[in-house]
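Novice: The following block contains the structure, expressed as structure tokens.
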Amino acid sequence: MVVKVYGPDFASAKRVLVCLIEKEVEFETLPIDIIKGQNKDPEFLKLQPFGVVPVIQDGDYTLFESRAIMRYYAEKYKSQGTDLLGKTIEERGVVEQWLEVEAQSYHPAIDNLVIEILFGRKRGIPPDAKVIEESEKKLAKVLDIYEERLSKSKYLAGDFFSLADLSHLPFTKYLADMGKMYLIEERKHVKAWWDDISNRPSWKKVFSSRWPLLE
């Protein structure tokens, strides 16, 4: 059964695609143009009542929220492809811990920057300098903690690549698009970690491809 992935050619949908490639799961993408409001179409709202992307259909099973989708496939195909959850319950706990850090601390700061700089630019809205400054400060504090963590382990959850690392890929890439990569590059261990995970074949394939994409 080929998994159907609904979403735009950017952001959280790419998080799901990298996971599927790492787990060696066949999929096809169905582009949803959120700029044109396709995520608010009645047919799409039957799949996702909040009108948010991405969404997957796996046979009769429908699931939304990118991190939930990643967890689902990492568990469903645990013995297939890259093990993204760890080999013990303790390792799984650390993976989940850093996934929550990404969702609750790392992502909000970057998301504010993306909205102000990238989306604002596309819509012709001047960025709010105060929001940008505050978001950068918040992100810098988070990255200082990452630097300490990554000085002790190669990846966030330990010495293995996991969902905790994978989940950072799409939005960290936006730092380069916004001219903010110095936040990564000025931290030795964070930079080494980013260089490693951003060079994985799965990310390179998703990053360099245009939708629709088949795997």
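Computed from the coordinates by the stated procedures, all read-outs in this text should not be read as laboratory data. It should be emphasised that the depicted structure is a prediction, and the values quoted were computed from it without experimental measurement. Please note: Cβ atoms are built from the backbone with ideal geometry, for glycine as well, and neighbour counts cover all protein chains shown.
Novice: Classify the chain as rounded, prolate or oblate, taking a ≥ b ≥ c as the square roots of the eigenvalues of its Cα gyration tensor: rounded when a/c is under 1.5, otherwise prolate if a/b is larger than b/c and oblate if not.
Specialist: Judged from the Cα gyration tensor, the chain comes out oblate (a/c at least 1.5, b/c at or above a/b).
Novice: DSSP loop trypsin sites (Lys or Arg not before Pro) in segment 64-163 with at most 11 other Cβ atoms within 10 Å of their Cβ, which ones?
Specialist: The qualifying sites are Lys87, Lys152.
Novice: Filter the chymotrypsin sites (Phe, Trp or Tyr not before Pro) in segment 21-130 down to the DSSP loop ones having no more than 12 other Cβ atoms within 10 Å, then list what survives.
Specialist: Sparse-neighbourhood loop chymotrypsin sites (Phe, Trp or Tyr not before Pro): Phe50.
Novice: Tell me the GluC sites (Glu not before Pro) within segment 1-86 that lie in a loop according to DSSP and have at most 15 other beta-carbon atoms within 10 Å.
Specialist: Glu24, Glu26
Novice: Another question, if that's okay. Residue by residue through segment 150-167, what is 3J(HN,Hα) from phi via Karplus (6.51 cos²θ - 1.76 cosθ + 1.60, θ = phi - 60°)? Round to whole Hz and write x for glycine and proline.
Specialist: 6, 6, 10, 8, 5, 10, 5, 8, x, 9, 9, 5, 9, 4, 4, 6, 3, 5
Novice: Shifting gears a bit: Give me a comma-separated list of calculated 3J(HN,Hα) values for segment 8-21, in order, Karplus coefficients 6.51, -1.76, 1.60 applied at θ = phi - 60°, integers in Hz, x for any Gly or Pro.
Specialist: Karplus values, whole Hz, x for Gly and Pro: x, 7, 6, 6, 4, 4, 5, 4, 5, 5, 4, 4, 4, 5.
Novice: Then there's this: What is the chain's relative contact order, in percent, from Cα pairs under 8 angstrom and six or more apart in sequence?
Specialist: 26
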